[in-house]
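A short worksheet on the structure shown next.
The values are calculated or read from the model by the stated rules, or taken from the named source; none is laboratory data. Please read these numbers as outputs of a predicted model, since none were measured by experiment. Here the Cβ is made from the backbone with ideal geometry for all residues, glycine too, and neighbour counts use every protein chain on show. Ligands, DNA and RNA are excluded from the accessible area calculation, which covers all protein heavy atoms including side chains. Shrake-Rupley method; radii C 1.70, N 1.55, O 1.52, S 1.80 Å.
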Amino acid sequence: MLAVVAAFFGGLALGSRCFDRAVSRSRVPGRWFAACEGTIAAWGLISLWLVPRIQQPTAGWIGIEGSALHHWVVAFLVPFFTLLPATLAMGASFPAAERLHARQRRDGRSASGLYAANTAGAVAGVLVTTFWLTPSLGFRTTLCLLAALNGICALGVWFGPARGEKQRERVQFPMPGAPPLARLTWLALGTGFLGIGFQVLCVRVMGQTLENTIYTFACSLAVYLTGTTLGAAAYQRFFRRVGFDRTARGLLMGLALACFLAVPTLHRAKLVYESTREALGGGMTGSLVAEVLLAALVLGPATVLMGLTFGHWIQAGRQADGGVGRTLAWNTLGSCLAPPIFGIVLLPALGAKWSLVLAATGYLVLIPGHRFDQRLGLGMLAWALMILVLPGQLRQLSLGHARLIHYDEGMMASVAVLESNPGDRTLKVNDRFSMGSTGKSFGDRRQAHLPILLHSEPSTALFLGVGTGITAGAATVHEELRVDAVELLPEVLETLPYFEVAHQLSQAKGRFEMFCADARRFVRCTDRRYDVVVADLFHPGRDGAGLLFTREHFQAIRQILEPGGLFCQWLPVYQLDLGMLRLIARTFADVFPHAEATLVYFNIETPLLGLLGSETPRRYHPDWFESRVGSQQALRQDLLYRAMTNDNDLFGCLLASDQSVREFGGMGPLNTDDHPRVLFQAPRYTYSKVERPSVRLRGLLAECQLDLDSLFPTEAADRVEEISAYIDARDQYFESLFVVQSGTGNGVEELRNSVRASAEFTTSYVMLLQRADQRARTAPAESQEILHFLQQTVPDDPRALELQRQLFGR
């Protein structure tokens, strides 16, 4: 993303510089403006055809694991040349508009006001496209609409009256005391570089506190542009006739101080955001307002001064034969250089705090008229003292009772490993996303075992998402299985040694290979084929994660499956509402001819749903579990610890067969690359979270049906009946948990129904034993009644009788 931003700015800079003089000398600048707007409109329509056709070659040019430099160069050059006709026209359009505006008003001191209007339009563009147009229409239709607006602008100026465009404005020459061209060039270049660098750093640090949805970044960008708009408008209103040097010194000193003060503000970002959100009642509206307020506190003062400063530069650089485009070009070139230098080099090397201090100091270096005298020495001393009182670091970590044992401030995220108890470690990204822990390895390992055991004879497996490595590590316990795993964040891979006890990947002995790459690009570039592909839990509300549930991504995964292969997409039910679950299930079923659904474990607080997709219907035979495990003693032991010992435990997790998955998804739109509905709709639940996950799980249990007869041959009728009873017992167990959570009962009767349905579902049996033990002193009659029920219902199990002897002596 930093490379795309840099490529965009690079095209703008080139267009501004190349066409500045020709536009300024033209007798009809309105025609230039109309031509630029027409070019933008035309190329917008061409890009509808062009961009989809360069995606696959671009993925191949980057490769699966290209070096950081190679990756960045390709990610810069491809959008640079793809967007170049449009960005060249965008860069040339502002000098043309400024010259046309000046001649119509016969005033050459209105560039800052025009820039303010242009940037205000950018604010509207960010908010309208993110919150309304794209969620409603998709990318292609939105792009067509925006191209049409550019075309209207072009036609309006070309055929409009445009009276006075051939006149000469009264003011043609630079302001009093304007600096030499070389000095102004360095000022424009430096402030553009430092301004975007400041934004990159602040957004990155705020990402440790905010929700990191697509709306989060839209709001942050809108605040940045709004501040710039206000600053440029203020310059037009109050400062357009001031001298150069004194104003420049004051603005640069103000910018240095504003960037400096952003550090303590960011240090308290979590307190500001959470207190504001709570005061506003939470929800999406309250959360977004809190995000905007925090962004305004951090970015607002600096961006207003940036707008004032840029207005000062373009007014100082304006001459009869140009200058506005030249100044804009150098400023935008600095903006082009900032993302890679600040985001890729300085941030990982120095950390956010010292990178921000460096940016603030950079503004002081740009102040014109430095003389090494006593005042400069005192100023440097004061600056050094101010740095000393800054917070030690900008880590937004909620430690609680845990201790920090690892922290890495990487290019894309801050990664931390926390330890609450000896050996109980948790991996957190940006302090917002828990990527797994050793204390929750029960479910993590089942996420690998379930899909692998449901395949008849897998030899290769791919895991999209690594996290702590526990899920991929469980796959390596299956003998003769070669496992590949893909992780986006290199900082996450560096934490794997902290979780070695849980994943034990070092014991895979050459059967495990790790790739640091983007999952979407990997499945498009790899030449390997897999029997099982497992997509780990992705946080759906996080910006970009919604693209991992699109039809195109599922189709790419289908292409890398071996004949008879199985794909499993795990979904966090506790982070999605039923509408999103239906949308993803509908999209999934549209791609895979045969689909099923399964649960990972029987938990109502953090339920996990797995969608299973394959080319052909899956058929299982009696004693499937034993035939799959065989003599693999290490695997059998690991499965024992994960409560998987027989067919009932394996197939008892299944929730829905093919027809039921399709009925649950229903009819409706799909989640596609062009219209990624999950990307825009999932954050609404991330902000709200007003409904308990158990409510959605209860809805799933009510709507999903499992046709076991379609999964087993007719001669396996006894096994089907046994598994069916186990699933009935499972559902009764869930009902007991729902009753207890809602406060409408103690769940004992539901647990009894579960035991009656199937004694093989031992969880309910154990829960009743625990209930009898807990109530032995306070309600001995109830305790004995429960034990008597268990002895009658499951006479072959001695645990109830033994507990009765321990508690009551008989």
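The convex hull of the Cα atoms of the stretch 608-684, projected and averaged over all directions, covers 8.1 nm². The percentage of C-alpha pairs in the stretch 696-744 whose separation is greater than 13 Å is 64%.
Rounded, prolate or oblate, given the Cα gyration tensor of the stretch 235-296, with a/c below 1.5 counting as rounded? List each step's numbers first, then the result.
On the way: a/c = 6.43, a/b = 2.27, b/c = 2.84.
Since a/c reaches 1.5 but b/c is at least a/b, the shape of the stretch 235-296 is classed as oblate.
Any chance you could run the full-extension gain for Ala643 through Trp186? It's 0.36 nm times the residue separation minus the Cα-Cα distance, nm to one decimal.
Stretched fully, the Ala643-Trp186 segment lengthens by 157.8 nm.
Derived from the Cα gyration tensor, the three semi-axes of the equivalent ellipsoid of the stretch 38-127 are 36, 15, 12 Å, largest first. Each principal axis of the Cα atoms in the stretch 483-537 has its own extent, and those three values, largest first, are 32, 23, 20 angstrom. Report the calculated FRET efficiency for Asn746 and Val501 (r = Cβ-Cβ distance, R0 = 30 Å), to the nearest 0.05. The calculated FRET efficiency here is 0.20.
Relative to its Kirkwood radius, the Cα radius of gyration of the stretch 561-634 gives an Rg/Rh of 1.04. Working from Cα pairs under 8 Å separated by at least six residues, relative contact order for the chain is 11 percent. Where does the Debye-calculated log10 I(q)/I(0) of the stretch 258-358 sit at q = 0.14, 0.15, 0.16 Å⁻¹, using only Cα point scatterers of equal weight, no solvent? Relative scattering, expressed as log10 I(q)/I(0), comes to -0.75, -0.82, -0.88. Comparing Cα centroids, the stretch 188-225 and the stretch 26-75 end up 23 angstrom apart. Two-decimal Rg/Rh of the stretch 556-600 from alpha-carbon positions, Kirkwood Rh? That ratio equals 0.98. Over the stretch 583-623, the pair-distance histogram of Cα-Cα distances with 10 Å bins from zero comes to 25, 40, 30, 4 percent, rounded to whole numbers. Per the Kirkwood formula applied to alpha carbons, the stretch 1-63 shows a radius of gyration over Rh ratio, Rg over Rh, of 1.11.
Would you mind calculating the gained length between Phe442 and Glu802 on full extension (0.36 nm times residue separation, minus the Cα-Cα distance), in nm to one decimal?
Extra length from Phe442 to Glu802 when fully extended: 126.8 nm.
Over the stretch 389-473, what portion of Cα pair distances is larger than 19 Å, expressed as a whole percent?
Values: 1753 of 3570 pairs.
The answer is 49 percent, as a whole percent.
Taking square-rooted eigenvalues a ≥ b ≥ c of the alpha carbon gyration tensor, is the chain rounded, prolate or oblate, where a/c under 1.5 means rounded and, failing that, a/b exceeding b/c means prolate?
Working: a/c = 2.56, a/b = 2.04, b/c = 1.26.
Verdict is prolate for the chain.
In whole percent, what relative contact order does the stretch 542-622 give with Cα contacts below 8 Å and a gap of six or more residues? Please report the intermediate quantities before stating the final value.
Values: 102 pairs, mean separation 28.3, N = 81.
Over the stretch 542-622, the number comes to 35 percent.
Over the stretch 654-743, the reciprocal of the mean inverse Cα-Cα separation, the Kirkwood hydrodynamic radius, stands at 16.0 Å.
For a straight C-alpha distance cut-off of 20 angstrom, the aspartates and glutamates reachable from Lys270 (same-chain residues fewer than eight places away being disregarded) are Glu211, Glu278, Glu291, Asp408, Glu409, Asp431, Asp543. Accessible surface for the stretch 685-751, divided over its residues, is 48 Å² per residue with a 1.4 Å probe. Treating each Cα of the stretch 421-558 as one equal point scatterer and applying the Debye formula with no solvent, the log10 of I(q)/I(0) at q = 0.11 Å⁻¹ comes out as -0.38. Binning the alpha carbon pair distances of the stretch 433-493 at 10 angstrom intervals from zero yields the distribution 22, 54, 22, 2, expressed in whole percent.
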